[in-house]
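Have a look at the structure below before the remarks.
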Amino acid sequence: MMQEQAHILVADDERNIRTNLAALLESAGYVVDVARDGEEALDICKQRRPDIAFVDLHMPKLPGLEVLAQIRALSPKTAVVIITAYGSAASAVEAMKLGAVDFLEKPFEPKIIGILAEEILFRRAMQPGASFDDLMHLADLARERNAVLEARGYLKAAMTRALDRPEAYYWLGYLSEAQGDQKQAIRYYYMAVTARSDYAPAVEALKRSGKLH
């Protein structure tokens, strides 16, 4: 459930992306600021301390990873999502090791932004001390109830608890595939085998998709 009047920052040097994402998020009830470059994004964070910041990896003045690092220092409670047109499993994991809570690869369906914002706010409301295994168990229970949004929230929280464990990546891929998002599913499966190259469920999923032989 959406936190009332949550504040979101969209930082991207592409005007169409800024405008479209801001309109979509505002229509969902969020307060939205936009930034054209890294310096403007940091200025907004200093003034507003947003709940969520969607930050493009490649922006003028300050690159996305530097913006991520400075937001983490300036406003630790702000959840940062990295947006990239040059995504890979390795760069996504690198961004998350630096403190990003999630990533998006261009092009993406605009509606994903609203779903992701809701997931992030759901994760924030969780018990902060929950372990990786506890979160995976809660995700299993949510999947059994067909509560996909809730399951994804638990899985992404588990993912940030243990970036070197493949299970959360795999199940996020499984859910993405079940929802018809094959591109995102393959990304998560690759992240699972990046975490552990012999993790059989992810290896088999990639073989099934023709991405691994």
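The values are calculated or read from the model by the stated rules, or taken from the named source; none is laboratory data. Here the structure is a predicted model, which means the values were calculated and not measured. Neighbour counts run over all protein chains shown; Cβ positions are idealised from the backbone, glycine included.
General observations
- Unique residue being more than 19 Å from D102 (Cβ to Cβ), assigned by TED's automatic domain parsing to the domain that holds T78 and not aliphatic (A, V, I, L, M) when the list is D51, D12, D56, D37: D37
- Some residue of the range 94-105 being loosely packed, with under 14 Cβ neighbours inside 10 Å and either farther than 27 Å from R161 by Cα or touching a residue at least 40 places away in the same chain (Cβ under 8 Å) (or both): yes
- Taking the conditions (1) at pLDDT below 95; (2) of a type outside the set (D, E, K, R); (3) assigned to a loop (DSSP other than H, G, I, E, B); (4) under 17 Å from V101 (Cβ atoms) in turn, L68 satisfies each one other than (3).
- All positions within the range 116-145 that are within 22 Å of E167 (Cβ to Cβ), assigned to a helix (DSSP H, G or I) and of a type in the set (A, V, I, L, M): L116, I120, L135, M136, L138, A139, L141, A142
- Matching residues in the range 155-213 - criterion: being touching a Pro at 6+ places or on another chain (Cβ under 6 Å) and outside any helix (DSSP H, G or I): R196, Y199
- Flag if G99 is within 17 Å of the chain's Cα centre (by Cα) and small (G, A, S): yes
- Qualifying residue in the range 125-142 (condition: at pLDDT below 90 and surrounded by 22 or more Cβ atoms within 10 Å (Cβ to Cβ)): no
- Screening A205 on (1) over 15 Å from the mean Cα position of the chain (by Cα); (2) surrounded by fewer than 20 Cβ atoms within 10 Å (Cβ to Cβ) shows it passes everything except condition (2).
- Residues that are under 26 Å from M126 (Cα atoms) and exposed (fewer than 14 other Cβ atoms within 10 Å of the Cβ) within the range 1-30 comprise M1, M2, E4, Q5, E26, S27, G29, listed in sequence order.
- Residue within the range 147-163 that is touching a helix residue (DSSP H, G or I) at 6+ places or on another chain (Cβ under 6 Å) and either over 25 Å from E118 (Cβ atoms) or of a type in the set (S, T, N, Q) (or both) present: no
- Qualifying residue in the range 151-169 (condition: under 21 Å from L98 (Cβ atoms), in contact (Cβ under 8 Å) with a residue 24 or more places away in the chain and in contact with a strand residue (DSSP E or B) (Cβ under 8 Å, 6 or more places away or on another chain)): yes
- Qualifying position, being more than 19 Å from Q184 (Cβ to Cβ) and either of a type in the set (G, A, S) or in the same structural domain as A192 (by TED's automatic domain parsing) (or both), among S91, S75: S75
- Just one residue in the set P76, P50 is at pLDDT 90 or above, in a loop (DSSP other than H, G, I, E, B) and touching a Ser or Thr at 6+ places or on another chain (Cβ under 7 Å); that residue is P50.
- Residue in the range 19-32 that is touching a helix residue (DSSP H, G or I) at 6+ places or on another chain (Cβ under 6 Å) and not hydrophobic (A, V, I, L, M, F, W, C) present: no
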